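A short reminder: the numbers here are calculations on the coordinates, not readings from a lab. Keep in mind the model is a prediction, meaning the values are calculated, not measured. Because the Cβ atoms are built from the backbone with ideal geometry, glycine has one as well, and the counts that use them run over all protein chains shown.
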Amino acid sequence: MFITKEGQLRGEIIGIGKRLYSLRLVAASSGNLSARLDKDNILITATGTSLGNLKNPDILKVDLNNKKDLSAKPVTSEFPLHSLIYKNLPHNFIIHCHPALVNAYFVVYSDIKALTFESKLYLGHVPVIEQNTPAVTKPELVIEALKSNNLVVLKNHGVVSVGKSFKDALNLIETLEEAVRVVSVARLFDKDILDAVDKELKESLASDISYPIFSKGHIQAIVDLVNKDELIAKKGRELDLTLQLAVKLDGSDQAYKFNFEKGKIVRLDFDADAPFMISASREIWELVFLGKLDPFVAVTQGRMKLAGHLGQLSRYYVPFSRLFELFKQVRIK
């Protein structure tokens with residue numbers, strides 16, 4: 001039997017609703033889902049529906065550019081948020097739900113302590129937005145946060161997760177819920193838990209000098225910091241960090257190649273001919289250099305492109321995480 005794109009998406013929405021309910025990430029009639037159907041139309045759950053028991057009539061087809069269409073349909077109160085995301089960002093799937101553990105944790109804390117490599121690699125720094133109303137009244141804050149991470153926490157309310165598929169969006173929510181569970185259990189054993197690596201990262205900016213982004217001076221200043229860093233030197237020797245890693249600014253000929261030998265950058269070349277190359281737009285690189293976006297997370301979320309195998313780089317996760325922390329210690333103009 002032939003199934004249209006709309007029919008397929010309706011099936012996915014019903015399926016992901018059941019999955020969210022089975023994982024106890026939604027309760028009663030909380031949460032809402034949507035998917036981009038085409039340039040102008042989306043499918044979105046109606047107000048008051050139970051995501052765990054969705055039927056076809058509960059999923060509305062809405063023309064984003066037709067105000068009459070909007071007023072005639074019982075769209076969720078979070079429709080303005082969904083609409084603004086689709087109009088400003090390239091994502092095709094949105095999950096908004098209210099995970100109990102995540103909500104409880106962020107009532108008390110303002111940041112998540114990532115204790116496992118999985119949560120560090122896939123979550124990075126999760127933005128947290130103050131939320132003082134039952135529905136999102138300042139969606140522009142969520143849009144800005146989603147520029148640096150595909151997952152955002154709305155304090156006292158829930159989470160918003162976006163992606164190229166419902167699976168991608170749900171994976172982030174599950175990973176955050178598990179990270180909260182791990183932190184909560186770890187703090188039963190040690191309420192002041194803080195590993196030495198993260199403590200090393202709590203440093204002030206190294207200099208008041210600022211550089212044009214991706215200029216030779218900018219990258220050379222990063223190299224100088226790397227070669228003075230004790231943690232990278234130590235881990236570089238232990239892990240035999242000997243490889244070539246290039247960084248490139250999309251839409252330009254600006255590229256730099258770091259030649260590592262046992263953790264030291266022994267030479268800086270001005271090309272991207274390397275086994276591993278990370279590239280991104282200026283906007284994304286600015287978020288990285290300002291410390292608002294972790295490159296590992298940016299790669300896993302598709303915001304940066306990686307030529308080479310991420311799994312091979314993961315062997316050097318600790319020294320490279322430190323390298324990316326050093327990025328933000330060099331000010332950019």
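Can you tell me the Rg and the Dmax, both Å, for the Cα atoms in the stretch 275-320?
Gyration radius and largest Cα-Cα distance of the stretch 275-320: 10.4, 28 Å.
Can you give me the angle between helix 317-327 and the longest principal axis of the chain, using Cα atoms only, in degrees from 0 to 90, rounded to the nearest 10?
90
Return P(r) of the chain (all Cα-Cα pairs; 10 Å bins starting at 0; whole %; ordered from short to long distances).
Here the calculated profile for the chain is 5, 24, 29, 22, 14, 5, 0.
Starting from the exponent 0.38 and prefactor 2.2 Å, build the expected Rg for the stretch 56-132 from its residue count and divide its actual Cα Rg by it.
Details: Rg = 16.7 Å, N = 77, 2.2 N^0.38 = 11.5 Å.
Output field value: 1.46.
Based on a Kirkwood Rh over C-alpha pairs, give the Stokes-Einstein translational diffusion coefficient of the stretch 207-333 at 37 °C and viscosity 0.692 mPa s in µm²/s. Let's see the in-between values first.
On the way: Rh = 14.5 Å.
Taking Rh from Cα pairs, D becomes 227 µm²/s.
So how do Leu310, Leu20 line up by other beta-carbon neighbours within 10 Å, fewest first? Can you show the working numbers first?
Values: Leu310 12, Leu20 25.
Ordered by Cβ neighbours within 10 Å, fewest first: Leu310, Leu20.
Please pull out the direction-averaged projected area of the stretch 5-189, using the convex hull of its alpha-carbon atoms, in nm² to one decimal place. Before the final figure, lay out each step's value.
Details: hull surface 40.2 nm².
Quarter of the Cα hull surface area: 10.1 nm².
Projecting each Cα onto the charge dipole of the stretch 5-189 (Lys/Arg +1, Asp/Glu -1 at the beta carbon, about the Cα centre), which of Phe93, Ile14, Ser29 comes out farthest on the positive side?
Among Phe93, Ile14, Ser29, the one farthest towards the positive end of the dipole of the stretch 5-189 is Ile14.
I'm checking a number: the convex hull volume of the Cα atoms of the stretch 1-41, normalised per residue, in Å³. What is it? Mind dumping the intermediate values first?
Details: hull volume 3.2 nm³, N = 41.
Convex hull volume per residue, Cα atoms: 77 Å³.
What does the extension gain come out to for Gln8 and Thr47, with contour length at 0.36 nm per residue minus their alpha carbon separation? All intermediate terms of the calculation are to be shown ahead of the outcome.
Details: separation 39, 0.36 × 39 = 14.04 nm, distance 2.15 nm.
Taking Gln8 through Thr47 to full extension adds about 11.9 nm, to one decimal.
Output the relative contact order of the stretch 198-332, whole-number percent, from Cα pairs under 8 angstrom with separation of 6+ residues.
Numbers: 223 pairs, mean separation 40.1, N = 135.
It rounds to 30 percent for the stretch 198-332.
Check each of the GluC sites (Glu not before Pro) in the stretch 88-150 and keep only those in coil by DSSP with at most 13 other C-beta atoms within 10 angstrom; list them in order. Could you put the intermediate results ahead of the total?
Values: sites: Glu118, Glu130, Glu140, Glu144; in loops: Glu130.
Within the stretch 88-150, the qualifying GluC sites (Glu not before Pro) (loop, at most 13 other Cβ atoms within 10 Å) are Glu130.
Taking a point 7 angstrom from the Cα of Arg187 along the C-beta vector, which residues in the stretch 96-116 have backbone N less than 20 Å away?
98-116
List the relative contact order of the chain as a percent without decimals, with contacts defined as Cα pairs under 8 Å and 6+ residues apart.
Numbers: 552 pairs, mean separation 45.1, N = 333.
Relative contact order for the chain comes out at 14 percent.
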